[in-house]
Amino acid sequence: MATSSKLSTQLHRIAAQWPADPFRPHIQLKSFLEALADHPNLTPEAVRAAEALRSNAIQRKYPVSDKLLRPKSMPLHYARLVEGHAKAAQGIGRPWWKIFFNIW
């Protein structure tokens, strides 16, 4: 079993690599992980779960098919969603007339 100081160091390293959330600057997962690293009952399972989240291990283990990402009823829905999220992070919004006429 790993010592708590080693687990704490690993979790601090994972928290340091965690990207900041531009949409919720007052609530950061990085801050939670840093606080969790100092918890006296830190378990190896918690560190492994944080590492799996950081490295997208579940996404690689269970890949999403193209059929699910591009449903026939609305094939560009998820691509537009990702594009809108990226533009919103940069502060770029859609003009009111595109929203009104539902134009992407």
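Where a number appears in this text, it was derived from the coordinates with a stated rule and is not lab data. Owing to the predicted nature of the structure, the values given are computational and were not obtained by experimental measurement. Neighbour counts run over all protein chains shown; Cβ positions are idealised from the backbone, glycine included.
The table that follows gives values for the structure above.
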item	result
Trypsin sites (Lys or Arg not before Pro) restricted to the range 74-104 and DSSP loop, no more than 13 other C-beta within 10 Å	none
The range 1-81: chymotrypsin sites (Phe, Trp or Tyr not before Pro) falling in loop per DSSP and having at most 11 other Cβ within 10 Å	F23
Value of relative contact order over the chain, rounded to a whole percent, pairs C-alpha under 8 Å and six or more apart	24 percent
At 0.890 mPa s and 25 °C, Stokes diffusion of the range 64-104 via Kirkwood alpha-carbon radius, µm² per second	214 µm²/s
Quotient of Cα Rg and 2.2 N^0.38 Å for the chain, N being how many residues it contains	1.49
